[in-house]
Each structure stands twice: as C-alpha cells, then as structure tokens.
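A short worksheet on the structure shown next.
The values are calculated or read from the model by the stated rules, or taken from the named source; none is laboratory data. All figures in this text were calculated on a predicted structure; none of them were measured in a lab. We place every Cβ from the backbone using ideal geometry, glycine too, and count neighbours over all the protein chains shown. SASA here: full protein model, heavy atoms, side chains in, ligands and nucleic acids out. Shrake-Rupley method; radii C 1.70, N 1.55, O 1.52, S 1.80 Å.
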Amino acid sequence: MALYTRVKESIAVITLKNPPVNALSTAVRRGIVESLSQALQDEQVKAVVFCGENNTFCGGADIKEFSGSMSGPPLVPMIHSIEASEKLIVAAIEGVALGGGLELALGCHYRVADTNARLGLPEVTLGLLPAAGGTQRLPRLIGITAALELITTGRHISAKEALKLGIVDQVIEGNAVLAAMALALSVIGQPLNARRLSLQAPAWVPDVDYVCEAALARVKQRSRGAMAPVACVQAVRAAAMLPYSKGMEKERQLMDMLFRSSQARAMQYAFFAQRSAGKWSLPNGAQWNNTKARNVERVGVIGLGTMGQGIAVSLVKAGISVVAIEVDTKQLELGKKAVTAMLQRYAQRQGVSSPLHLLKFTLSFHQLRDVDLVIEAVFEDMNLKKRVFSELCKVLKENTIICTNTSGLNVDELAAVTDRQHLVVGMHFFAPAHVMRLLEVVYGSGSSPEAVAIAMALGKRMQKVCVAVGNCSGFVGNRMLKHYMDQSVYLLEEGATPEQVDQALEEFGFAMGIFKVADLSGLDVGWRVRKASGLISPDIDPVKPSRWRFGRRYCPLPDMLCQQGRLGQKTGHGWYLYNSPGSKEAKCDPEILKFLEDYRLKYGIIPRRISSQEVIERCVFSLANEGLRILEEGITAGPEDIDIIYLFGYGWPRYRGGPMFYAAQVGLSVVLEKLEHYHHLQPDVPSLEPSQLLRKLVAEGSPPIQQWKSHIKNLHSQL
Ligand code: 3H9
C-alpha cells in the first residue's frame, strides 16, 4: 500500500509500503493512485514527496505478480498522471530505485537521492524492458548513448554516478525525504513543463542509426540469442526517432512480445531460484534460518596456485585478513606477486585504498594458529590434501573450520584424517576464483550445520552465489558435466566435427561450445582425472585403444589428443588450431578432421550427418537426466540449486533458466521419450537410461518445476 501524510502545511508525503523492497504490487499502485488524488484535491497541498518505507524507495514492479493475471491500476497511466500533475512532485530516493521504481521517479519533476542509493533499470535481466516509460524518458533525460548502456546492461549505478549522468538533481548525506521537502519548498511555483520528460524533444545524436547498430552488435555478442537486449535497443531507438506517444506505443508492443516469451519466464525463474539457493537446507533439517554462523575474520589459504590466488584476492576484497601459505620461497614469491598485482589493479579501478595490509605471506603453518577458517587450495591430489589436512590439525585452534577447494574429491575421505570431521566442508570455487561467482559448498556426512552455515556466509561475503550440495563424485556441476562431455565426444566418433558440435551449443546459447571450453581449460586436466580413476592404464593398446572401459562405452579421442601433445590453447592446438600457444582465436584444424576420419576408419565406424537438434538433445538431455538423479539422491535441496550452479558456473544461457527449468519447459515427457530413444541406440551408456525421478514426474503428469520438491520428498519416503 501507500501511506498519505501531510507533514507541513503545503507538503504531502506518499510513502510506499511493501516490505522488503516496496515493490509496486497491485495494492501499492492502488495506494499511490488514491494518495495522489487526495494530494491533488487538497488545496493546501502545493507539493508532494514520494518515498519508500524503511529507507528503501522502490525495487520496481512486483515480479511475483508477473505469473498471475495482472489487476489494479497499470503503471504507465499512473506515472503519466504523476508527471502531468499541476502540483510539484519530488522523489526522495533512499536504498534502491530500480526498474518501475526508477520509472516512477522519472515521472516525478525532481529527484533527490541519498548518497548510498543505487539506481537502475534491470528489466533486461528479467527478459523484459523498462515498460513504464523508462525507455522513452531516460534517453530524453541523459541522451541515447548513456541510456542504451544502462538499459541494455541493467547495471545498478551509484547515486554519485546518477548525479553525474543527470538522472538525479541532488545527492545528499542524511535524510533524503527532508532534503526532498526542502528542495520542493525552494522551487514551488516554478513552471513544470521543462521538468516533464515526456514533453522534451528526443535527445539529438548525429547518427542514431550508427549508435543503435553499434549497441545492437554489442548486445548480440554479449548475450547471444537473448531477445530482451535487442528489444531494449529498438525501444530506445524509437525514443530518438519518434514523438513520445509513438515511442510509448513501440515500448508497449515490444513489452507485450517479451512478456509472453519463454525467455522472460526463464529469467524470472532464475531471479527467484538465485534467492532460493541462498536459503539452503540440509537433509537433516538444518537450514539457513535455524543455524547460526559465527563470524570469520582471519582465513588461511594454503597453496597460491591459480585457485589459491583467486581465493585470496576475493577474501581480501571482502575485507577479510588472509594468511597465505606456500611450500617454498619461489612459489611464495610467485603467488605474492600475482595476488599483489591483482589487488593493486582492483584498488586502482575502484578508486579505493589498497587492501594489501590484510595479507600475510608465509612458509610456516604456525602462522595459522589463530585463523578462524582455512581454505586448502593445493593440487587436486587426494594424498597431498590428506597430508595437508593432518598437518593443519597440529597447529589450528580447535574450532577452526577446514575447507577444501576441490572440484570433486571425496570430502568425507579427507575429513577422516582430521580430528574435527564436523568442522570440515568442501568449498568448490570456479576458475578464475576472483571472477567466477559460483561456489559449491559441499557438506560431508559428518559436517555440522554450523560449519556449512559459516562457509555459506563466508562465500556470500566474498560476493559468491553459494549453493549447498552433498558429497558425491564431481559434486553437482562436474558430475552432470561428465555426461554432457561424453555425449559430445561420442558425436565426434559418429560423424560430427568439433565446430559442428560447438556451433549447435553456441546457437543454443552457451557462452562457448564444449570443445572450445576444453581447449581453454587444457585437455590434460581431464586426462589426469581419467588416469587417477583407472580409465587409462598401461595395458591399454596405445595404437587402437579400446572403446569400452569397465563394461561401458568409452571414447579414447581426448586421450589420443593428449598423447599427441595437443593440450589446447596453451600448446597452440587441441580440438582447434591457434596462431600460437596461448592465443585465443580458435580455428578449424584440417589435421583434426583427418585424425577423426582415420579414427572412424580404424574402428569401422561409418560416419553420418548429425543435426544440431541431435547435438542438443543428446548433450543437454543427458545433462538434465543426471541432474534429476542428483535430485533423486537428495544431493541438492531442489532443482533451483542445480539451475543456479549451471547459470553461474557453466555458461548456461540465463534465458533458458538452467538445465532443470529447460527440461520442464521442453516437457518432461519429451525428455523421457528422447532419452529412451537414445538409450535404445546406446545401451552401453547407462547414464542415458531415464532416471527414476523423471519417470515418476512424467507418470504424475509433469508437475511444474516449483512443485518438484514435494514429489521428490514422496519419492524418498517410498524408498
Ligand atoms: C519492472 O519494474 C517492470 C517495469 O519496468 C514495468 C512494468 C510494466 N518484486 O534480492 P534480495 C524480493 S520489473 C518482488 O534477497 P537484496 C526477493 O524475491 C522489476 N519481489 O535482497 C526477496 O524475497 P524473499 C525490476 C522482489 O537486498 C526479497 O525481495 N526490478 C522484488 O540482496 C529480498 O530480495 C528489479 O529487477 C521485486 N521487484 O537486494 C529489481 N525485488 O525474501 C529486483 C526483490 O522472499 N530486485 N524482491 O526471498 C533486486 O535486484 C534485489 O532484490 C534488490 C535487493 C537489489 C532490490
């Protein structure tokens, strides 16, 4: 709702009330319309100030209402009547003014912001555009180029930047409502037409077409296949070319198209899924709101390789003291140099003072005596990690949490060598750890809820998107990825090329095809894992290696590439050819095509044409099938967790929601049918067999993804 108060003789204040972010729900819009009418009718009132309860102006339209039928006063005419008001209206922005919240403020005649406020039009991140006049008013206020940048990225900006751009008229430290009232009193009586953005001529730029084409090229490169950024550019272009009323018509048409799209549904699902992942729960009933996390102020980082460096940087950026350890002076110096350089660049970019004083570099484990938590980030080798864990127990305080940064090793096995299994958890960071947002927090069978809560809270402080997952080989992300990768190499055996597979995946929306990703990470990473797991052994024929291992289909192609020294970008060739070692531009390599032809000949495989549809179905449905198995086993609390892992750690296109959401959207019965078909053709790939949960969900009428959790609970109670 909205609260109407008369605070001074001539000023009325309308306060939006809808915790936690004062979203513009039906009730709030109704309240605004009623309060505004009251203010306009009251002859004593000469000016109105809009503000939000609890120092939060407004987080925009109520996204929860998007999935139902919309009722109540619509935003566009409501904001229009604010702007058209003969009485002066000022927005007092505290906390956030986002989306419809900023559009409401743009309808006001003046805007005052608190110095800590954040503003933006993030609709594009929900698959939409600012459709309450934002695409028409903002360009008239700040120009086409700046408006395009803000609207197509959805970036939140500070009050300081908003002042510089001309979005707000004043930035104040203190009470924004009082400042807005003071401003109102100082300008009451001045003509308002110049303050009504819809009456302003479109901002002039020498070459609108050129500016918009450049913006279009940028958004297409940044978010391939996404509709909303393209529509944003079209709407802003209309602001530059058309009168306001025609521009508004264009904005509405584009919004209608986006609003009904599956992309918008997927992105809104992703918004809520991200929040749901933060509300973690464990199978034993412990969860985010019944488990206290004690504070962590000093952290030890063991190992300053690429991962350790990124982790140390993220910790320091979060204001946490770090004791960083290496095995010898040379490694320590290398790590120190890299971490210092990253933090200095960060301080320079952000205009903040260097946080280097939070760092201590040492060779001595004894320096870890008083840390609250340790993150071990040594080489991915079980024995080495066990040795480190045993050493740690000799020096750490008895309540220090021990975390292992592993991408898939057994957390229970590591915990078993310590004197504190309840304080051991996995923290699976993604490389580069100071950039990638995802963090899998892995709880072992003995991890205490408090240890999980501490790791989750620390990850959040490090600005990570944290997902609590159970302990299993590869955890969630890598365990699923294995099946996706397997299918991609089987496709090569059967007749596809790396470019074909990558092109199909990139057209689907992945930031990068699987073979380009493999070249980037280095093919030797997987090679080492396969060696360690016994898939590669000396008794395997090096000339014609077997295509079966442990009774299952196996593709030796990646191993054969590694044997030839083709390790990816770092060696200048892998699945693709690069101009030189380390260069990034992937080119089709005729040698690989010949190698694949010879391989098929050697094994008597008759190549066939493989469609993009088959690539997607086999790679993506096998990924989703494994996700369903993970849910079945209770490794994550719900499908949202899996989707968030894929969105933030694996370049899954946000407008497809995540693999679980995608499977639900395609139709679970379609996924089941396709998996049955492919499993029939590949009986030696057991993972293609549809999961029990998939069969159950289909048998129960393919419920919406939001209801899967209760069906999974039933499945567990039946087991
Ligand atoms: C729009 O405005 C369209 C218009 O252009 C035109 C239409 C015609 N609605 O993130 P948090 C909930 S589109 C409903 O954890 P924070 C959120 O789900 C909208 N609910 O807190 C969570 O609920 P719960 C454009 C919302 O402090 C709780 O608030 N606006 C909305 O880290 C706390 O959220 C946006 O895209 C909403 N608009 O961050 C802004 N916003 O506690 C979206 C939040 O049950 N919001 N909730 O899990 C945000 O970016 C962040 O929530 C915000 C606060 C920065 C505001």
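A few comments on the model shown:
- Cα centre as origin, Lys/Arg/Asp/Glu Cβ charges: the chain dipole, Debye: 660 debye
- Proximity of backbone amide H atoms, modeled 1.01 Å from N, is registered between residue 465 and 438, 439 at under 5 Å, excluding neighbours fewer than 5 places apart on the same chain.
- Zone residues, the range 627-660, relative to residue 611, backbone N less than 19 Å from point 7 Å out along Cα-to-Cβ: none
- Per-residue 3J(HN,Hα) values for the range 578-583, derived from phi via the Karplus relation 6.51 cos²θ - 1.76 cosθ + 1.60 with θ = phi - 60°, read 10, 4, 7, x, x, 6 Hz in sequence order (x marks Gly and Pro).
- Once divided by 2.2 N^0.38 Å, the Cα radius of gyration of the chain becomes 1.06.
- Dipole of the chain [Lys/Arg +1, Asp/Glu -1 at C-beta], most positive-end residue of 636, 500, 677: 636
- HN-Hα J in Hz across the range 507-519 - Karplus 6.51, -1.76, 1.60, θ = phi - 60°, x for Gly and Pro: 5, 5, x, 4, 4, 8, x, 4, 6, 5, 4, 4, 5
- Two-decimal Rg/Rh across the range 385-481, once Rg and the Kirkwood Rh are taken from alpha-carbon atoms: 0.95
- Taking 0.36 nm per residue of separation and subtracting the current Cα-Cα distance, fully stretching the chain between residue 680 and residue 164 would add 179.5 nm.
- Accessible-area ranking of 357, 80, 679, largest first, probe 1.4 Å: 357, 80, 679
- Just so you know, the Cα atoms of the range 653-719 work out to an Rg and Dmax of 12.8, 35 Å.
- Backbone HN-Hα couplings from phi across the range 292-300 [Karplus 6.51/-1.76/1.60, Hz, Gly and Pro as x]: 8, 10, 6, 6, 10, 10, 10, 10, x
- Computed over protein heavy atoms with a 1.4 angstrom probe, the accessible surface ordering of 652, 527, largest first, is 527, 652.
- Residues whose placed amide H lies under 5 Å from that of residue 89, excluding near-sequence neighbours: 48, 109, 110
- Pairwise Lys count, the range 500-610 - Cα closer than 13 Å, eight or more residues apart or different chains: 6
- Reported to the nearest whole Å, the Cα centre-to-centre distance from the range 219-278 to the range 652-688 is 28.
- With all protein chains modelled, accessible area of residue 291 [1.4 Å, Å²]: 30 Å²
- Stokes-Einstein translational diffusion, the range 15-163 - Kirkwood Rh over all Cα pairs, 1.306 mPa s, 10 °C, in µm²/s: 104 µm²/s
- FRET E, pair residue 193, residue 503, Förster distance 60 Å, beta-carbon r, rounded to 0.05: 0.65
- Spatially, the range 151-215 and the range 29-97 are offset by 17 Å when compared through their Cα centroids.
- Taking only the C-alpha atoms of the range 148-245, the Rg (one decimal) and the largest Cα-Cα distance, Dmax (whole number), read 17.3, 50 Å.
- The listed residues 597, 440, once ranked by accessible area (1.4 Å probe) with the largest placed first, stand as 597, 440.
- Debye log10 I(q)/I(0) for the range 567-698, one point scatterer per Cα, at q = 0.11, 0.12, 0.13 Å⁻¹: -0.56, -0.66, -0.75
- Mean residue ellipticity (222 nm) of the chain, computed from DSSP H runs ≥ 4 via -39,500 (n - 2.57), nearest 500: -15000 deg cm²/dmol
- Label-zone membership for the range 280-303, site residue 354, 7 angstrom Cα→C-beta point, backbone N under 18 Å: none
- Three-way shape call for the range 615-671 based on the alpha-carbon gyration tensor, with the a/c threshold at 1.5: oblate
- The eigenvalues of the Cα gyration tensor, multiplied by 5 and square-rooted, give the range 501-559 an equivalent ellipsoid with semi-axes of 27, 13, 10 Å from largest to smallest.
- Per residue Cα convex hull volume in Å³ - calculated over the range 443-585: 152 Å³
- Restricting the range 414-473 to trypsin sites (Lys or Arg not before Pro) in coil, as DSSP defines it, with at most 16 other Cβ within 10 Å: 437
- Cα→Cβ-extended label distance, 7 Å offset, between residue 40 and residue 7, nm: 2.3 nm
- Between residue 301 and 323, 324, 325, 375, the built amide H atoms are under 5 Å apart, and every one of these is 5 or more places off in sequence or on another chain.
- Across the range 31-86, the volume of the C-alpha convex hull divided among the residues equals 100 Å³ per residue.
- Relative to the longest principal axis of the Cα atoms of the chain, helix 26-41 runs at roughly 20 degrees.
- Loop-located GluC sites (Glu not before Pro) in the range 1-51 whose Cβ has at most 13 other Cβ within 10 Å (DSSP): 9, 43
- Separation of the range 524-578 from the range 117-132 is 46 Å, based on Cα centroids.
- Restricting the range 285-392 to GluC sites (Glu not before Pro) that sit in a DSSP loop and have at most 15 other Cβ atoms within 10 Å of their own Cβ leaves 297.
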